[in-house]
1. Considering only segment 109-125, state which residues are closer than 17 Å to Leu245 by Cα, more than 22 Å from the chain's Cα centre (by Cα) and surrounded by 15 or more Cβ atoms within 10 Å (Cβ to Cβ).
2. For segment 158-170, name all the residues that are in contact with a Phe, Trp or Tyr (Cβ under 8 Å, 6 or more places away or on another chain) and either surrounded by fewer than 15 Cβ atoms within 10 Å (Cβ to Cβ) or over 14 Å from Phe204 (Cβ atoms) (or both).
3. Consider segment 52-64. How many of its residues are within 17 Å of Ser93 (Cβ to Cβ) and exposed (fewer than 14 other Cβ atoms within 10 Å of the Cβ)?
4. Is at least one residue of segment 76-83 in a loop (DSSP other than H, G, I, E, B), modelled with pLDDT of 85 or more and assigned by TED's automatic domain parsing to the domain that holds Ser109?
5. Determine if segment 37-57 includes at least one residue that is in contact (Cβ under 8 Å) with a residue 24 or more places away in the chain and of a type in the set (S, T, N, Q).
6. Being within 29 Å of His47 (Cβ to Cβ), without any contact (Cβ under 8 Å) to a residue 60 or more places away in the chain and surrounded by 14 or more Cβ atoms within 10 Å (Cβ to Cβ), is that true of even one residue in segment 127-150?
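The values are calculated or read from the model by the stated rules, or taken from the named source; none is laboratory data. All values derive from a computational prediction rather than experimental measurement. Note: ideal-geometry Cβ built from the backbone for every residue, glycine included; neighbour counts use all protein chains shown.
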Amino acid sequence: MRNNQNRFAASTPEHANVPPGFNYEVPTEFVELPSKGKFYPVDHPLHNQQTIEIKYMTAKEEDLLASTALHKQGLALERLLQNIIVEDIDSKSLIISDRNAIMLAARISSYGNAYPAHVTCGSCEEKQEYTFDLKKKNFNLLCFDDFFMRESAVVYDSENMCFVVTLPKSKMKVAIKVVTGGNEIKLDDQDLGDNLITTLISKFVVSVDGNEDRNFVKHSIESMLAWDSKHLRGLLPQLSPSVDLIQNFTCKHCKASEDMEVPLTAEFFWPG
């Protein structure tokens, strides 16, 4: 049995020293996990857990979000999550969709579901304020569908937190990692460079036919049949439960409509 404390417990849990006579308890709430706990190993505290208990944000958490030093280190949101999760869990071990669900719940309980943000219209390029409704969200749970998994020839390996996909043509078994806070994948044009397809796939694939050697994986991806490559790219966005934060925006200047994603940055927690 792996040691849960070492693998998944917070490295620096913050337990405030309560002074004598102070008996106020910060309210808590239970947040539904999009993953339903099904993507965590058996020794993870959230294995098969459908909810997680979090504390309401306090002025202490606002201090964290206002910290210039933490922002420069990219640690503001991490410290926030670590502070509000009641159980002693390393926030970096949470998969991205669960982290996002926690941040949404914390924002709504602290400042309400109306989220004013400055956006730029994609048509006329006019900057303006637009209010997102944070209660308008959907969970993408296709990877829980037994029929989808069976038809896609996908098996989930809970011990290694990855999906194993059998490619339709070559029959190679490709392992796709579940994205967590500790291995979050951020893509932009500079990351992908000229090798758009192979670089994209390589960011998700952790092994091919059980071989984790990165050089072996790289060459396997480069020689992958186009049919298999297309099949795999089609599966990638469906192999993780996610919080859909896309909302429709209508420009008040040119009346053009487009879909925009609600940004989950540290500024997300400050009311407009």
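1. Val119 - this is the single residue of segment 109-125 that is closer than 17 Å to Leu245 by Cα, more than 22 Å from the chain's Cα centre (by Cα) and surrounded by 15 or more Cβ atoms within 10 Å (Cβ to Cβ).
2. Once the filter is applied, which keeps residues that are in contact with a Phe, Trp or Tyr (Cβ under 8 Å, 6 or more places away or on another chain) and either surrounded by fewer than 15 Cβ atoms within 10 Å (Cβ to Cβ) or over 14 Å from Phe204 (Cβ atoms) (or both), segment 158-170 yields Ser158, Pro168, Lys169.
3. 1
4. Among the residues of segment 76-83, not one is in a loop (DSSP other than H, G, I, E, B), modelled with pLDDT of 85 or more and assigned by TED's automatic domain parsing to the domain that holds Ser109, which makes the answer no.
5. no
6. Within segment 127-150, one or more residues are within 29 Å of His47 (Cβ to Cβ), without any contact (Cβ under 8 Å) to a residue 60 or more places away in the chain and surrounded by 14 or more Cβ atoms within 10 Å (Cβ to Cβ).
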